[in-house]
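Read the structure below first, then the notes.
Read-outs throughout are calculated quantities, based only on the coordinates presented, and are distinct from any laboratory measurement. These numbers were taken from a predicted model, which means no experiment stands behind them. Here Cβ is always computed from backbone atoms with ideal geometry, including for glycine, and neighbour counts include all displayed protein chains.
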Amino acid sequence: EAGVAQSPRYKIIEKRQSVAFWCNPISGHATLYWYQQILGQGPKLLIQFQNNGVVDDSQLPKDRFSAERLKGVDSTLKIQPAKLEDSAVYLCASSPRDRGLVSLDTQYFGPGTRLTVL
Amino acid sequence: AQSVTQPDIHITVSEGASLELRCNYSYGATPYLFWYVQSPGQGLQLLLKYFSGDTLVQGIKGFEAEFKRSQSSFNLRKPSVHWSDAAEYFCAVSNTGNQFYFGTGTSLTVIP
């Protein structure tokens, strides 16, 4: 089966510009996650969707970050305007369930998008 | 609040030697615990997970981990390391509230 797809793989922008990342989860997976991984750190959960509803966005900087998952399939994460500290790898992951012990599901990660903000 | 600590930033082992990567967590109830591996240029891959039952969990690629409640630890082990095991290893914790936290990772170097 196809894995989680992300694009672009790399992006370089200047501060105050906007940028968008796209994620296509594994077919049939109900839950989708966006993580931010700063160099030398572990992934930090930004937002979690179950189908097209937001479950957790407590760590999403909502003044500049936004995400949507229309129709409960693919998702877009946007940053506007970008800051230097947003330089990181943005990871998308998906898992099968949308109810019950969702936290126990294996998350399948995409290759990530490496963002550099100059 | 939950947290995960991986005390070792970097570990070097010889090929064929045994390996133990440390992970400590902070959580009031029994957590769900995971180990993921991130190889260069690849996405994170689940090695194993624990949520109840037998405290010794077997995973893929010959890895195992032991949950020790008294020590709040979930250390990852492998009896004999292969050169292909060189990667970044992340411990993670979750709960029934669907919140997910990763540690800062341990980078493993394997020398011939």
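With label points built 7 Å along Cα→Cβ from the Cα atoms of B:S14 and B:S107, find their separation and express it in nm.
2.3
Just going by the charge dipole of region A:5-99, with Lys and Arg at +1 and Asp and Glu at -1 on Cβ, which of A:N52, A:S94, A:L84 is farthest out on the positive end?
A:L84
What are the principal axis extents of the Cα atoms in region B:3-111, in Å, biggest first?
Principal-axis extents of region B:3-111 (Cα, largest first): 39, 27, 22 Å.
Treat chain A as a sphere of radius equal to its Kirkwood radius over Cα pairs and apply Stokes-Einstein at 4 °C in a medium of 1.567 mPa s; give the translational diffusion coefficient in µm²/s, rounded to a whole number.
Result for D is 91 µm²/s.
For the protein assembly as shown, what is the per residue volume of the convex hull drawn over the alpha-carbon atoms, in cubic angstrom?
126
Counting alpha carbon pairs within less than 8 Å and at least 6 residues apart, what relative contact order, in whole percent, applies to chain B?
Reported as a whole number, the value is 37 percent.
Using a 10 Å cut-off around each Cβ of peptide A:102-114, what is the average number of partner chain Cβ atoms that fall inside?
Partner-chain Cβ atoms within 10 Å, mean over residues of A:102-114: 5.
In peptide A:31-41, what is the residue-averaged number of other protein chain Cβ atoms found within 10 Å of each Cβ?
Mean shielding count: 2.
With charges set only on the Cβ (+1 for Lys and Arg, -1 for Asp and Glu), what does the dipole of chain B come to about its Cα centre, in debye to the nearest 20?
Dipole about the Cα centre, nearest 20: 220 debye.
Which whole-number percentage describes the relative contact order of chain A, with Cα contacts under 8 Å and a sequence gap of 6 or more?
37
Once the dipole of region B:8-112 is set up with Lys and Arg at +1 and Asp and Glu at -1 on Cβ about the Cα centre, which of B:L44, B:S18, B:Y101 lies farthest towards its positive end?
Result: B:Y101.
Take B:S52 and A:V54, extend 7 Å from each Cα along the Cα→Cβ direction, and tell me the distance between the two endpoints in nm.
Once both label points are built, they end up 3.2 nm from each other.
Based on Cβ point charges of +1 for Lys and Arg and -1 for Asp and Glu, what charge dipole magnitude is obtained for the protein assembly as shown about its Cα centre, in debye rounded to the nearest 20?
440
Work out the length of the dipole vector of chain A about its Cα centre, built from +1 on the beta-carbon of each Lys and Arg and -1 on the beta-carbon of each Asp and Glu, and round it to the nearest 20 debye.
It comes to approximately 280 debye.
Using DSSP to define loop residues, name the trypsin sites (Lys or Arg not before Pro) in region A:67-114 whose beta-carbon has at most 13 other beta-carbon atoms within 10 Å.
A:K83, A:R99
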